[in-house]
Amino acid sequence: MQIIVCENYEELSRKGAELIAAEVKSNPAAVLGLATGNTPIGIYRYLVESYNKGELDFSNVKTYNLDEYLPIDPTDENSYCAFMHYHLWDKVNLKAENCHIPAGNVGMEKAAAECAAYDKQIEAAGGIDLQLLGIGRNGHIGFNEPGDHLLAGTHAVELTESTMAANGPLFENPADMPRHALTMGMGAIFAAKKVLLVANGKNKHDAVMGLLADEITTALPASLLKLHQNLILLCDKEAYNG
Ligand code: F6R
């Protein structure tokens, strides 16, 4: 594991964007696994800035997002789909047909078929070259929540109270937050050629320590990433030192 500790969120965001930009420059048809949430917002801002300076071309890049709430309409402003349109997809020259996210509006009964189709699409694209990950306070990656087992494929999950508490305030009415999500499983994440896990702030310190500790446990899904051959942990001083 390569560990990069940054002074602050700005430096972390710039560094994260540089790593993704390097991937896209070395492979203009790169397949990127993307994350939503607060952590990657700065990274997307710097990527858009580079694109606007003419330094980056996304015309052949494909993106696959980790997760989406269930049920939610893609046009709902709280959807991860809307988040991606706002922070990245609509601001660079990614082709619409190359931007992918699990469909949160399929309904519970069609969720399994949507998940299987999503995994097939990722496989058909040749797998993920670089997977960007945030980390939950409880150590979740994607919405692979702590438990006594984890799943390999994309699947529907019931969100934990910790995740509900962390994300609920982002909804105008926290009670409107869906209690379920569709998430890539550990399989596609582990099959990624490179994983870039980003964490900032004191409230991620315990989760980061869990990743760095020797133990590997499904009670802290991120701890499994220690087994990945090409993991970069990019964090700020607060997440690293507490
Ligand atoms: C989002 C995702 C989640 C977040 C995690 C951290 O696509 O998969 O695992 O990365 O919940 O969220 P923030 O960055 O808001 O602290």
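The values are calculated or read from the model by the stated rules, or taken from the named source; none is laboratory data. On a predicted model such as this, the values are computed, not experimentally measured, just so you know. Methodologically, a virtual Cβ is constructed for each residue, glycine included, from the backbone with ideal geometry; neighbour enumeration extends over all protein chains shown. To get the accessible areas, we keep the full protein, side chains included, count just its heavy atoms, and leave off ligands, DNA and RNA. Shrake-Rupley method; radii C 1.70, N 1.55, O 1.52, S 1.80 Å.
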Result of the Cβ filter at 6 Å on the range 101-113, keeping first residues that are of a type in the set (Val, Ile, Thr) and partners that are assigned to a helix (DSSP H, G or I), at least 6 apart or interchain, is 101/81; 106/114
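If the requirement is being under 28 Å from residue 18 (Cβ atoms) and out of contact with any Asp or Glu (no Cβ under 7 Å at 6 or more places or on another chain), which of these qualifies: 216, 232?
Values: 216 fails: under 28 Å from residue 18 (Cβ atoms).
Every option except 232 fails the conditions.
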Residues of the range 42-86 being within 14 Å of the ligand (Cβ to nearest atom), of a type in the set (Gly, Ala, Ser) and open to solvent by 10 Å² or more (accessible area, probe 1.4 Å), in sequence order, are 82
Filtering the range 53-76 down to residues that are without any contact (Cβ under 8 Å) to a residue 40 or more places away in the chain and farther than 24 Å from residue 24 by Cβ yields 73, 74, 75, 76
Taking the range 161-207 and keeping only residues that are surrounded by fewer than 18 Cβ atoms within 10 Å (Cβ to Cβ), more than 30 Å from residue 26 (Cα to Cα) and either under 16 Å from the mean Cα position of the chain (by Cα) or polar (S, T, N, Q) (or both), one is left with 162, 173, 203
Residue within the range 58-78 that is more than 18 Å from residue 155 (Cβ to Cβ), of a type in the set (A, V, I, L, M) and in a helix (DSSP H, G or I) present: no
For the range 8-26, pairs from a residue that is over 17 Å from residue 53 (Cβ atoms) to a residue that is in a helix (DSSP H, G or I) and open to solvent by 50 Å² or more (accessible area, probe 1.4 Å), with Cβ under 8 Å and 6 or more apart or across chains, are 8/237
